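The values are calculated or read from the model by the stated rules, or taken from the named source; none is laboratory data. Computed from a predicted structure; not experimentally measured. Here the Cβ is made from the backbone with ideal geometry for all residues, glycine too, and neighbour counts use every protein chain on show. Each accessible area value is taken on the protein alone, full model and side chains, heavy atoms only, with ligands, DNA and RNA left out. Shrake-Rupley method; radii C 1.70, N 1.55, O 1.52, S 1.80 Å.
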Protein chains: 2
Amino acid sequence: MKRTHYNGELRLEHVGLEVSLIGWVSKKRNFGQLNFIDLRDRSGICQLLFSEQFSDQIKPVRNEYLLHVHGKVVERKDKNPELPTGDIEIEVSSFEIVNTAKTTPLIIADETDALEDTRLEYRYLDLRRPVMQKKLIMRHQITRSMREYLDQHGFIEIETPMLGKSTPEGARDYLVPSRVHPGSFYALPQSPQLYKQLLMISGFERYYQFARCFRDEDLRADRQTDFTQVDIETSFLSEDEIISMMEEMLVKLMKEVKGIDVQAPFLRLTYREAMNRYGSDKPDNRFDIELQELTDVFENTEFQVFRSVIDSKGSIKGIVVPDFAHISRKQIDAFTALAKKNGAKGLVVLKALDSDLTGSARKFLKDSEVKALYERLRLKENDCLFIVSDQWLKTCTVLGALRNEIGSQLHLKHKDEFSFLWVTEFPMFEYSEELGRYQASHHPFTQPMQEDIPLLDTDVESVRANAYDIVLNGYELGGGSLRIYDNHLQEKIFELLGFSEQQIKDKFGFFIDAFQYGTPPHGGLAFGLDRIAMILSESDSIRDVIAFPKNANAKCPMSKAPTPVDQSQLDELHIVISDSK
Amino acid sequence: MKRTHYNGELRLEHVGLEVSLIGWVSKKRNFGQLNFIDLRDRSGICQLLFSEQFSDQIKPVRNEYLLHVHGKVVERKDKNPELPTGDIEIEVSSFEIVNTAKTTPLIIADETDALEDTRLEYRYLDLRRPVMQKKLIMRHQITRSMREYLDQHGFIEIETPMLGKSTPEGARDYLVPSRVHPGSFYALPQSPQLYKQLLMISGFERYYQFARCFRDEDLRADRQTDFTQVDIETSFLSEDEIISMMEEMLVKLMKEVKGIDVQAPFLRLTYREAMNRYGSDKPDNRFDIELQELTDVFENTEFQVFRSVIDSKGSIKGIVVPDFAHISRKQIDAFTALAKKNGAKGLVVLKALDSDLTGSARKFLKDSEVKALYERLRLKENDCLFIVSDQWLKTCTVLGALRNEIGSQLHLKHKDEFSFLWVTEFPMFEYSEELGRYQASHHPFTQPMQEDIPLLDTDVESVRANAYDIVLNGYELGGGSLRIYDNHLQEKIFELLGFSEQQIKDKFGFFIDAFQYGTPPHGGLAFGLDRIAMILSESDSIRDVIAFPKNANAKCPMSKAPTPVDQSQLDELHIVISDSK
């Protein structure tokens, strides 16, 4: 089956050419004895004109029939400026029906009103929609661009095991029963973390892998049973060197895939600054609203809610939304509910009207405080002010969530705008109420910042790590850290985390052993490929950039996986299904 | 930690330069107060010279310590022509110990006498051996070269599901219990076959994927729990077009990775010719010995063994091994055992000595037959002749196995010689004694050859498929086929395979449905990446080209996977381990 051109590439310059095309019937319409067909392939659509002589032969042809067509490119009278090929059409001289098609359960067009489960059940048809093909092709372009950069910079792709060891730390493992070793299980990898560090110990120096990773967690819009991680590790580089290199890779990516010039270096915010300004460790800075410090404004407040927070060394902050004073009681209730959902005890909402503030909390504020707020926040008529008072982290987090919600409601997040930034200097430890001890914010192999190492003995909570996240449009695209390569420091960290020697051995056994043989300084990071593809293709869900995703119930509506299996399969694996289900 | 150069790249032209290097101590030796160290990184080794002033500082340094070294490149007096950097050494001006190392449980050198389980337990050290690093780096170069070709030719890499549906056809599945759907299981993919065909139905036209595939079979030297498949599918191309394209990719690969000019088109043998000439559907044609047709020579034989085979329309063939008449009784017994292991009833061995043949079967042969053998086989003094008589396929297979064994024993298979060929026109069906019916030689979606379609009604066994294997040095590197895209033909094939409508629905349900919506003609193939890497890196085992392989017991000696897991993990998955273990 020969074609001379793809459907989407024909232009005025091809007029007069005899061409052969292959494609699916996207639309068919007739004017009297004339028939027009839009023929579609992966490159686009081209209009075919069938003269009277074909009126019988074309009769049975319906949407999604596959045609092989021969004819001449001619200029169209009624040009279609919407279509890249809209200036021309093909005067068909002959054609064959290559294959027929039943009526499709969903319309093959960019716009669809099909339910997502229908789209997933007939995914092979859903993927025929040009908009979906473009997304998967863009995903491929993204991987090509990143791979090319890594290849050019001496990185070696190395595949790590898919059937590994289950480690109870972290998320829930997917398990794979062993037939050969009854009662034993492999675990599908949550990430190649240990392996990539081992490869540094092996001296590979620069490693990458587009790695499939698995976490058996409950699914959300941007979660799947498994995901693809662009996993990177280097030896001998500083945090700055790693960050610069990754910026260069992302600048290249944005240029090649989106045609956009992104400026490096990217904004770098410390964790503390990100929280203070945006109330998030993955701030979306495409819109201006920032958190404002108000603790000092209320130093002498008599408003009991603020007073108690100030007395307990808490933090009062606010955000100002311009021209938002018109919001209704119902909207205020919704924002308050959102604040409470994020752990706030309440939310103070004040509107700047008539050079005063109105709102239920107004009566607790002194006029001098109102004046101070006007000055500090440069309030203007019709501004709306949201204030949260709580412990520092809570105050930030709650206002960050409000900020995000307001950004969405006001359509301030433009999908075609791309804002990268780094968040650095993450705290090394966080206290777990649940465990009654500190735990590593990233993982216990993360390197504490050199200047903070003395604090390990005096002020654990203030120790910052050489850990960094890359953020795009409010999504964490990826993150990483330098790793500890000194045995003594590693032991100290384990002690601080409350691990006994036996526990260390059980949890990290062979990995710790490996550290004794000339481990190089190393560090790296991992990007979430699905998320990058989602954002760059301006999609709403990662399911749109995965060829055959699971639904929110971890099921594939097409293949119906997971399914019951034959008893003989279970017998061979020495497992039985428990009755307790 | 700055380096100016990699250790392996310094040459005479660098003499006089001040350099900084990083690396592991590969060897340390002293002459009086002078110390010499071979410093190793992934690029190679460089000799360091430590003058007297360092004799104390260097004392604690042992093998596999990691050093950061500064000094001047000088010309060596005692040059080492074995080493690319053997003309120079570094006069060290200062150095730091970056990290220390315990004595390694295996020697970090190309040659090792460590047991494989030790190598696998300390794989991170085994992978420090330069020979192992080169293998994994070559594997990466192979993937780069193939990816580049595919990218340049409009192929799109698309990831297919890792958690799929268990299908009892084919090899044994690895199962993954579902937590969300108690009693149901995902299966890890044996290949993306269905998905890649669905992607053609979606209109992607050219797809590839470096896909991890899983088969729970017992392991051998060239088997692992999982393997990497270079999975390729195209629409609208003929078998010849697919084959030519793949040849182009392999020619590029051999040039780029091995520096070898391979000539395309490769030899193409039909299945029948491959069996007739080499006794194998994956012939190693690096050595000349070929099977010779002898059935007609024995047309009138009175040797009962041959007589009965001829009467039952069987086949008599032989191979001639020059200068092999010296083999002992013991060797003959071993070859006979090998023949029997491959299903022969016996093996006729005749030696060409004194213009006659000797051997236990000589007495059953007429002199005219001996003469005819001399003529047909152009026998020379000291040739050794092996004859097998049986049904055609058995005769071929047995002689093929002998041929292979003799090729190995006589060292005729040179690892640095690379011979590609295609085997085509595979039979579409084979009769399964076990199932009492025909089954598809490849899979039931394989396209029968157009000219053989009439034979579907008359002579099923003679129907050939548009299926093709690519063979390198006697290994099947990959294989594929055109696929059926016509519903009626597909139904006919299923009927021939004895499937009822219900069975078709149960086994291939959603996949068959997909074929009704304008399926394009399509076909493709898959390469075994591990095997390509093994052969090109001239390794004996695929374990040498996998970073962290399982041993023959499907276990990872390093992580100890698979392992028992916590009861709570099993509870969540609603499974219990059966007592029957």
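The separation of the stretch A:1-49 from the stretch A:510-581, counted between C-alpha centres, amounts to 41 Å. Distances between copies at residue B:267, taken between label points 7 Å from Cα along the C-beta direction, are 6.6 nm in increasing order. Considering only lysines 8 or more places apart in sequence, or on different chains, count the pairs in the stretch A:1-158 whose C-alpha atoms sit under 23 Å apart. Going through the stretch A:1-158 pair by pair, I get 16. Take residue B:326, move 7 Å from Cα toward the beta carbon, and the resulting point lies 10.4 nm from the same point in each other copy, nearest first. Legend: mean number of C-beta atoms from other chains within 10 angstrom of residue C-beta atoms, peptide A:194-207, equals 5. Across identical copies of the chain, residue A:566 has label-point separations of 3.5 nm, listed in ascending order, with the point defined 7 angstrom from Cα along Cα→Cβ. Over every Cα atom in the stretch B:287-412, the radius of gyration and the widest Cα-Cα span, Dmax, amount to 13.3, 38 Å.
Using the average count of surrounding beta-carbon atoms within 10 Å as a protection proxy, the listed peptides A:324-333, B:59-68, A:245-254 rank, highest first, as A:245-254, B:59-68, A:324-333.
Summarise the accessible area of the stretch B:287-412 (1.4 Å probe, protein heavy atoms) by the percent that is carbon and sulfur. That fraction is 51 percent. Partners of residue B:351 within straight-line reach, counting lysines whose Cα lies under 18 Å from its Cα and excluding those fewer than 8 residues away in the same chain: B:317, B:330, B:363, B:366, B:371, B:380. Charge tally for residue A:231 (other residues, Cβ to Cβ under 11 Å; Lys, Arg +1; Asp, Glu -1): -1. Hydrodynamic estimate: the Kirkwood radius of chain A over Cα pairs, inserted into Stokes-Einstein at 20 °C and 1.002 mPa s, corresponds to D of 76 µm²/s. Of the listed residues B:383, A:87, the order by accessible area with a 1.4 Å probe, largest first, is A:87, B:383.
Over what distance in Å are the Cα centres of the stretch B:274-324 and the stretch B:327-378 separated? Using only Cα atoms to place each centre, the spacing works out to 11 Å.
The largest-to-smallest principal axis extents of the Cα set in the stretch A:7-99 are 32, 27, 23 Å. Only the Cβ atoms of Lys and Arg (+1) and of Asp and Glu (-1) were treated as charged; on that basis the dipole of the protein assembly as shown about its Cα centre amounts to roughly 620 debye. Could you give the alpha-carbon Rg of the protein assembly as shown over 2.2 N^0.38 Å, rounded to two decimals? The reported ratio for this selection is 1.09.
Charging the Cβ of each Asp and Glu at -1 and of each Lys and Arg at +1, and nothing else, the dipole of the stretch A:185-253 about its Cα centre rounds to 280 debye. Peptide A:123-136 has a mean shielding of 4, counted as Cβ atoms of other protein chains within 10 Å of each residue's Cβ.
If you take the Cα centroid of the stretch B:447-502 and the Cα centroid of the stretch B:127-171, the two points sit 27 Å apart. Using a cutoff of 8 angstrom between alpha carbon atoms and counting only pairs six or more residues apart, the relative contact order for chain A works out to 13 percent.
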